[in-house]
Number of protein chains: 2
Amino acid sequence: MSSAIKELETKVAAARTAAKKLARLPTEVKNKALLSIAENLALYRNDIIEENKRDMAAADEANMSAAMQDRLMLNTTRIAGIATDVKTVAGLPDPVGEIFDSRTMPNGLQISRKRVPLGVIAAIYESRPNVTVDISTLCLKSGNAVILRGGKEAIHSNLALARIVQRSAYEAGVPDGAIQIIESTDRSVVDHMLKMSGQIDLVVPRGGAELIKFVASNAKMPVLAGGVGVCHTFVDKSAKLGDAVAIVYNAKVQRPTVCNALDTILVHAEIADAFLKALAPEFAKAGVELHCDWGSQQILQGTPGLKIVPATDKDWGKEYLALIAAVKVMKSLDEALEHIDRYGSGHSEAIVTEDKSNAARFLDEVDAACVYVNASTRFTDGGQFGLGAEVGISTQKFHARGPLGLKELTSYKWIIQGSGQVRP
Amino acid sequence: MSSAIKELETKVAAARTAAKKLARLPTEVKNKALLSIAENLALYRNDIIEENKRDMAAADEANMSAAMQDRLMLNTTRIAGIATDVKTVAGLPDPVGEIFDSRTMPNGLQISRKRVPLGVIAAIYESRPNVTVDISTLCLKSGNAVILRGGKEAIHSNLALARIVQRSAYEAGVPDGAIQIIESTDRSVVDHMLKMSGQIDLVVPRGGAELIKFVASNAKMPVLAGGVGVCHTFVDKSAKLGDAVAIVYNAKVQRPTVCNALDTILVHAEIADAFLKALAPEFAKAGVELHCDWGSQQILQGTPGLKIVPATDKDWGKEYLALIAAVKVMKSLDEALEHIDRYGSGHSEAIVTEDKSNAARFLDEVDAACVYVNASTRFTDGGQFGLGAEVGISTQKFHARGPLGLKELTSYKWIIQGSGQVRP
């Protein structure tokens, strides 16, 4: 066995042992640990930044793109932001121990479900070092032990952050071994990890589409994965123009690099001219490039400063993660529903309409994690939905869909209390 | 492509198309279909029995065991039982469309979760033909399309049952294609099916441990599986003797061939003599064979008519599915908890005790789908828990645990209604 695999197996075994105690750890201890993590992140920020500089230097040497380097970089402000998020997790209700679905059967049996942690959760992620803290604190609050496996390019930052999280947590009374970080950056670790279905209860991949696909198709245990967000907004003929422009603009421009940003604008033929002409100057100013079907191109061409490209088949169903959107004119709501059904990725889809029956049909017929009427798809987020922090956005239907909060990191057990009942 | 694979792909495609309509089918249509299925099962029972005879003849020729033949056999009474179960499903509340977790955010967004079907569910099962009806009616009520793949040995019975289910359902207005049965008994169908992760949303294996293991380790899509039920009952020193004898007797004898039947009796040393001596004559009468540790053997040997065998290491953690139980004397609750943690399969575990703090510890510390105080583990069942019919008992923690009712065959989507909100 290689030393990398040995490290993994030792740490997973320790996590399993810790998980049993962690499942019954009082909420106060968990919250105390979280507040101490937040405090120590701020206190030891210079140590973190120093380790981060080692990663940044290596990134520079490897000619990493500016966007990637930006994801990797930590500074005082960013560390303060991470610490604030940890405090938020401390303030969230503890899902563990919640009793629900209680009933008393005619034979007197008292039956309930009680929320329990899943056990040991493995997180496999890429260059953002904040994930080290996000996932470990969400696992801690939900009573799960965690195995962290971050990207090679962030290894020094991740180890520095994990050391602070571990020390703060253990000093506060969290069982030793509850938070594990894999130091080896050997690729074989991931392959081996995905086979440990008896010991790891769930894998959460966080990163690009390729990582997620690899994990989903190789893991022998359950996977809780987000994925591609190909988000459409359909501007119906009855839409309020001002709302439609504001919603589409926000969904595309406010943060174009994330999965809930708009990719394709579908617009009803009867409002296409007015809507696109109202939107065009705003998009021109923001530097948005539009990939237009024939109909929208006729309307938009000649808009001063607006970048227009004829759409090709590859534009439908494409996630841009950039200031680019596809545009297509629709003859009807039905055509829009068909387009979304064919090209959507089941993430976030919106309609802008004043027609109540069209709104109801859209909500009913679109099969996606989050379906919107008259709002920006950018709201798909645990915080915005009132769940507090989130582990990610699930585009799968099994177990949990949409923003994943603390509750989505739990299972339940049935508790049955009797007084001698036997089955007739 | 072989004709078997072609059949599978054609039927899965048809099921996917049907699933979209089925997801929005009114409850009344589903219930009408279910009642018609129940009626027609009774009406055409002779056709079913005739087809079943072909399977029985083949089974006889193949020297199938009497127990297996019994599972396969259908007669008027059994068909009436199946029809009654279908009527029960018609009477259950429709989970689809339920709105829950509603909230209005400070920005005015109205956010809810709405329960939706999973989509297309594949069922892979063995010799019991009733599964054809059970699973297809539970899928129908929960708005899911179903692909049925039963055992070769029951193919004629399954086809006859499925024809009645399909015809009754489609005549009542269920979309064509919603219920599919694979006619080919070629093994390659299962292998191919388990790879169709884009088209099949969930696989439910029902049958022996080997089938379940095969499906769980080869499926590329989510699996909802039960599995081995190694069930313990711990008789604590404070147990009421009468209750303890009745509970242990019931858990072992009432139906020994099922997964929630008792396998191992753990008994506190201080009550072992009294308890085992009270239980022994009952077990002797019922023909139960005991595999005893040294301590229990000292107490039990010489009981008239009782079969005793010294336990070996293989007895701990063994699922007998027969009138056999292992017995072990425990020094303490802690020892019992450790034994269950080590050898239990996470199905159903019970304590018999009058000590409230021991009861609380047992409920809290045992990690199993169903944890009992002072009742027989035989109650682990959808009907007994008030869920109505069940798809099976899950021993996994992800998505659903314990008895799987209609709700456990669903997912949800987030519905967000706004009035022009954009994200700041």
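The values are calculated or read from the model by the stated rules, or taken from the named source; none is laboratory data. Here the structure is a predicted model, which is why all the values come from computation and not from measurement. Every residue, glycine as well, gets a Cβ built from its backbone with ideal geometry; the counts of neighbours run over all protein chains shown.
Checking each residue in the stretch B:82-100 for being within 17 Å of B:Glu39 (Cβ to Cβ) and either among the charged types (D, E, K, R) or without any contact (Cβ under 8 Å) to a residue 12 or more places away in the chain (or both) picks out B:Asp85, B:Lys87.
Only residues that are outside any helix (DSSP H, G or I) and either at pLDDT below 95 or farther than 23 Å from A:Pro129 by Cα (or both) were counted across the stretch A:185-199, and they come to 8.
Yes/no matrix, rows are residues, columns are (1) surrounded by fewer than 18 Cβ atoms within 10 Å (Cβ to Cβ); (2) touching a His at 6+ places or on another chain (Cβ under 8 Å); (3) outside any helix (DSSP H, G or I):
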position	(1), (2), (3)
B:Arg54	yes, yes, no
B:Asp70	yes, no, no
B:Ile82	no, no, no
B:Pro106	yes, no, yes
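The test for being touching a His at 6+ places or on another chain (Cβ under 9 Å), in contact (Cβ under 8 Å) with a residue 60 or more places away in the chain, buried (at least 16 other Cβ atoms within 10 Å of the Cβ) and on the phi < 0 side of the Ramachandran plot does not hold for A:Ile48. Please work out if A:Thr77 is on the phi < 0 side of the Ramachandran plot, of a type in the set (S, T, N, Q), under 19 Å from the mean Cα position of the chain (by Cα) and assigned to a helix (DSSP H, G or I). No; evaluated as a whole, the condition is false for this residue.
Under the condition of being within 14 Å of A:Leu140 (Cβ to Cβ) and either β-branched (Val, Ile, Thr) or not in a helix (DSSP H, G or I) (or both), the residues counted in the stretch A:20-51 number 7. Restricting attention to the stretch A:1-12, does a residue exist that is assigned by TED's automatic domain parsing to the domain that holds A:Glu126 and under 17 Å from A:Val165 (Cα atoms)? There is at least one residue in the stretch A:1-12 that is assigned by TED's automatic domain parsing to the domain that holds A:Glu126 and under 17 Å from A:Val165 (Cα atoms).
Counting the residues of the stretch B:247-268 that are at the interface with chain A (Cβ under 9 Å from one of its Cβ atoms) and either out of contact with any Lys or Arg (no Cβ under 6 Å at 6 or more places or on another chain) or not in a loop (DSSP other than H, G, I, E, B) (or both) gives 5.
Within the set B:Val215, B:Val288, the sole residue that is of a type in the set (Val, Ile, Thr) and in the same structural domain as B:Thr410 (by TED's automatic domain parsing) turns out to be B:Val215.
Results for (1) more than 7 Å from every other protein chain (Cβ to nearest Cβ); (2) touching a residue at least 12 places away in the same chain (Cβ under 8 Å); (3) among the β-branched types (Val, Ile, Thr), shown as yes or no for each residue.
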| position | (1), (2), (3) |
| --- | --- |
| B:Ala360 | yes, no, no |
| B:Val366 | yes, yes, yes |
| B:Tyr372 | no, yes, no |
| B:Ala375 | no, yes, no |
| B:Leu387 | yes, yes, no |
| B:Thr395 | yes, yes, yes |
| B:His399 | no, yes, no |
| B:Pro403 | yes, yes, no |
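Of B:His268, B:His232, all but one fail to be within 27 Å of the chain's Cα centre (by Cα) and touching a residue at least 60 places away in the same chain (Cβ under 8 Å); the exception is B:His232. The set of residues from the stretch B:209-246 being among the basic types (Lys, Arg) and either at the interface with chain A (Cβ under 10 Å from one of its Cβ atoms) or in a loop (DSSP other than H, G, I, E, B) (or both) comprises B:Lys220, B:Lys237, B:Lys240.
Among the residues of the stretch A:338-348, those that are more than 10 Å from chain B (Cβ to nearest Cβ) and either modelled with pLDDT under 95 or buried (at least 20 other Cβ atoms within 10 Å of the Cβ) (or both) comprise A:Ile340, A:Gly344, A:Ser345, A:His347.
Filter the stretch A:367-418 down to residues that are of a type in the set (Ser, Thr, Tyr), over 16 Å from the mean Cα position of the chain (by Cα) and outside the structural domain of A:Gly242 (by TED's automatic domain parsing) and give me whichever is farthest from A:Ala350 (Cα to Cα). Per the stated criteria, the residue is A:Tyr412.
On the given criteria, is B:Gly382 surrounded by fewer than 23 Cβ atoms within 10 Å (Cβ to Cβ), within 12 Å of A:Trp414 (Cβ to Cβ) and facing chain A (nearest Cβ under 7 Å)? I'd like the intermediate steps shown before the answer.
Details: surrounded by fewer than 23 Cβ atoms within 10 Å (Cβ to Cβ): yes; within 12 Å of A:Trp414 (Cβ to Cβ): yes; facing chain A (nearest Cβ under 7 Å): no.
No; evaluated as a whole, the condition is false for this residue.
Evaluate the stretch B:170-192: report whether one residue or more is surrounded by fewer than 22 Cβ atoms within 10 Å (Cβ to Cβ), under 23 Å from A:Gln396 (Cα atoms) and without any contact (Cβ under 8 Å) to a residue 60 or more places away in the chain. Looking through the stretch B:170-192, at least one residue is surrounded by fewer than 22 Cβ atoms within 10 Å (Cβ to Cβ), under 23 Å from A:Gln396 (Cα atoms) and without any contact (Cβ under 8 Å) to a residue 60 or more places away in the chain.
Pull up the stretch A:109-132, narrow it to residues that are closer than 30 Å to A:Asp70 by Cβ and part of a strand (DSSP E or B), then point me to the one that is nearest to the other protein chains (Cβ to nearest Cβ). So the residue we want is A:Ile121. All of B:Gly287, B:Gly317, B:Gly305 fail the test of being touching a helix residue (DSSP H, G or I) at 6+ places or on another chain (Cβ under 8 Å) and surrounded by fewer than 17 Cβ atoms within 10 Å (Cβ to Cβ), apart from B:Gly305.
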